[in-house]
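*Asks:* Quick one: the structure is below, and I'll ask about it shortly.
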Amino acid sequence: MLLSLKGNFPPAILALADGTVFIGNSIGATGTTVGEVVFNTAITGYQEILTDPSYCQQIVTLTYPHIGNYGVNAEDIEADKVHAAGLIIKDLPLLASNFRLSETLSQYLVREKTVAIANIDTRKLTRLLRTHGAQNGAIVGLAAGEEVTQARIDEALAAAKAAPSMKGLDLAQVVTTTQSYEWTQTEWKLGSGYGTQTAPEFHVVAYDYGVKKNILRMLAERGCKLTVVPAKTSAAEVLALNPDGVFLSNGPGDPAPCDYAIAAAREIIDSGVPTFGICLGHQIMALASGAKTFKMDNSHHGANHPVKDLDTGRVSITSQNHGFAVEMDSLPANLRPTHISLFDGTLQGLERTDKPAFCFQGHPEASPGPHDIAYLFDRFTSAMRAAKTA
């Protein structure tokens with residue numbers, strides 16, 4: 001944000017639980033928000049990131065310095081509202097320009113009642129988070145005419161320190177749908193927008209732990225009729241729908257408290273129905289199979305993470321968004337690793353050796369991010385096709 005623009009935006013305060021304070025400008029809603037502060041290294045895709053339910057109760061720092069240059073539009077959303085608790089950026093560009101633009105980022109944040117701060121040293125903040133790990137924080141967006149005072153700084157610090165730890169939080173039931181629904185929308189194409197699934201080959205029941213719309217679109221694109229169900233739907237209810245496959249979606253929070261999801265996944269996998277999990281769904285499948293999970297010191301958020309396929313040796317650049325991972329040393333004999341992160345060696349993929357079930361930690365639907373790992377959706381349809389012809 002150019003210094004001359006400062007007067008157009010009220011002040012804002014970012015406080016971290018360790019006592020660190022940044023003063024910048026409010027580019028979103030007036031008010032206070034709290035959450036776990038994380039950083040994301042993606043260069044584009046800020047609208048997809050903001051609407052990703054996996055960011056529930058997290059404040060996202062975008063490390064790329066210029067955010068908002070192409071505005072926002074009605075199509076590039078991963079959920080029907082912003083799920084991120086807040087946004088932190090360095091520079092808000094003077095102008096937003098794109099042929100699909102419907103409003104500016106700042107207008108969108110205000111309309112979505114999302115508190116956001118700009119014009120702070122995001123490099124310093126990122127180094128702090130990278131060195132010491134994600135921590136809780138608070139953003140206070142002041143109203144026009146208000147000034148930063150020690151009392152408001154103390155208020156922000158108190159809010160940051162009072163925020164709950166992400167460890168032990170079951171957020172899947174917070175963001176999940178309240179009732180089942182059908183999904184037929186397929187992938188976006190330039191000139192025609194989103195399509196519609198009209199000739200399904202498979203029926204897939206998708207658990208919504210915080211599912212991203214583009215995951216559903218990619219499944220529909222590959223011939224799947226989708227029934228999306230709430231996170232607490234029992235295995236018996238799902239199996240009664242006679243699905244060709246079951247999908248365990250991405251989502252926010254700690255997987256360990258999601259005992260209802262773990263129990264259902266265990267029963268579904270044991271039934272022999274082909275099962276595919278992504279992100280939180282990957283962790284749920286691991287826990288259902290007897291493995292353990294842990295909270296990472298440095299979580300993975302970005303669109304440039306190299307992941308190695310242990311079966312082929314292929315290295316893919318992937319999109320990531322998770323703060324928990326599966327313990328490599330906890331894997332039972334019937335659960336084998338298929339992918340690892342080349343950043344830190346953490347598990348990225350698993351496969352059951354006794355059942356047609358597999359999972360991936362990153363976000364293969366590439367929204368936002370690279371398309372390198374999209375072949376996993378084809379692996380899922382292949383598994384369903386094999387089961388139908390067996």
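*Asks:* Can you go through ALA160, ALA151 and tell me which one is modelled with pLDDT of 95 or more, surrounded by fewer than 12 Cβ atoms within 10 Å (Cβ to Cβ) and not in a loop (DSSP other than H, G, I, E, B)? Break it down into steps so the answer makes sense when it comes.
*Replies:* Numbers: ALA160 fails: surrounded by fewer than 12 Cβ atoms within 10 Å (Cβ to Cβ).
Just one listed residue meets the conditions, ALA151.
*Asks:* Working only within the range 177-217, note down all residues that are in contact with a Pro (Cβ under 9 Å, 6 or more places away or on another chain) and either loosely packed, with under 15 Cβ neighbours inside 10 Å or without any contact (Cβ under 8 Å) to a residue 60 or more places away in the chain (or both). Before you say what the answer is, go through the steps one by one.
*Replies:* Of the range 177-217, the ones in contact with a Pro (Cβ under 9 Å, 6 or more places away or on another chain) are 177-180, 184, 202-205, 207-212, 215.
Correct list: THR177, THR178, GLN179, SER180, THR184, HIS203, VAL205, ASP208.
*Asks:* Quick one: which strands (runs of 3 or more DSSP E) sit completely within the range 286-375 and have at least 1 residues that are over 28 Å from GLN47 (Cβ atoms) and open to solvent by 20 Å² or more (accessible area, probe 1.4 Å)?
*Replies:* Numbers: elements: 293-309, 315-326, 335-341, 347-352, 357-360.
Fully inside the range 286-375 and qualifying: 293-309, 315-326, 335-341, 347-352.
*Asks:* Across the range 163-176, what is the total count of residues that are open to solvent by 30 Å² or more (accessible area, probe 1.4 Å) and in a loop (DSSP other than H, G, I, E, B)? Talk me through it step by step, then tell me what you get.
*Replies:* First pass over the range 163-176, keeping only residues open to solvent by 30 Å² or more (accessible area, probe 1.4 Å): 164-165, 167-169, 173-174.
Adding the requirement that they be in a loop (DSSP other than H, G, I, E, B) leaves 164-165, 167-169.
Matching residues across the range 163-176 total 5.
*Asks:* Working only within the range 266-307, note down all residues that are without any contact (Cβ under 8 Å) to a residue 40 or more places away in the chain and of a type outside the set (Val, Ile, Thr).
*Replies:* Filtering the range 266-307 down to residues without any contact (Cβ under 8 Å) to a residue 40 or more places away in the chain leaves 266-268, 271, 287-288, 292-294, 306.
Correct list: ARG266, GLU267, SER271, LEU287, ALA288, LYS292, PHE294, PRO306.
*Asks:* Exactly one condition in (1) under 29 Å from GLN135 (Cβ atoms); (2) open to solvent by less than 40 Å² (accessible area, probe 1.4 Å); (3) in contact with a helix residue (DSSP H, G or I) (Cβ under 7 Å, 6 or more places away or on another chain) is false for GLY71; which is it?
*Replies:* (1)
*Asks:* Is it true that ILE340 is in contact with a helix residue (DSSP H, G or I) (Cβ under 9 Å, 6 or more places away or on another chain) and farther than 19 Å from GLY251 by Cα? Spell out the reasoning first.
*Replies:* Details: in contact with a helix residue (DSSP H, G or I) (Cβ under 9 Å, 6 or more places away or on another chain): yes; farther than 19 Å from GLY251 by Cα: yes.
Here the answer is yes, as ILE340 does meet what is asked.
*Asks:* While we're here: Need pairs with beta-carbon distance below 7 Å; first residue more than 19 Å from THR177 (Cα to Cα) and within the range 229-245, second at pLDDT 95 or above and among the aromatic types (Phe, Trp, Tyr); sequence gap 6+ or separate chains.
*Replies:* ASP244/PHE202; GLY245/PHE202; GLY245/PHE276; GLY245/PHE380
*Asks:* What are the pairs with Cβ atoms under 8 angstrom where one residue, in the range 75-91, is closer than 10 Å to GLN58 by Cβ and the other, located anywhere, is hydroxyl-bearing (Ser, Thr, Tyr) and not in a loop (DSSP other than H, G, I, E, B)? Sequence gap at least six, or different chains.
*Replies:* Cβ pairs passing all conditions: HIS83/SER54; HIS83/TYR55; ALA84/TYR55; ALA85/THR33; ALA85/TYR55; GLY86/THR33.
*Asks:* What number of residues within the range 29-53 are closer than 26 Å to THR177 by Cβ, of a type in the set (Gly, Ala, Ser) and open to solvent by 10 Å² or more (accessible area, probe 1.4 Å)?
*Replies:* 1
*Asks:* Residues of the range 104-131 being closer than 18 Å to ALA17 by Cα, of a type in the set (Ser, Thr, Tyr) and surrounded by 15 or more Cβ atoms within 10 Å (Cβ to Cβ), which ones?
*Replies:* Answer for the range 104-131, where residues must be closer than 18 Å to ALA17 by Cα, of a type in the set (Ser, Thr, Tyr) and surrounded by 15 or more Cβ atoms within 10 Å (Cβ to Cβ): THR122, THR126.
The values are calculated or read from the model by the stated rules, or taken from the named source; none is laboratory data. Predicted model, so just to flag it, every value in this text is computed and none were measured. Glycine gets a Cβ as well: all are built from the backbone with ideal geometry, and neighbour counts include every protein chain shown. Surface areas here come from the heavy atoms of the whole protein model, side chains and all, with no ligands, DNA or RNA. Shrake-Rupley method; radii C 1.70, N 1.55, O 1.52, S 1.80 Å.
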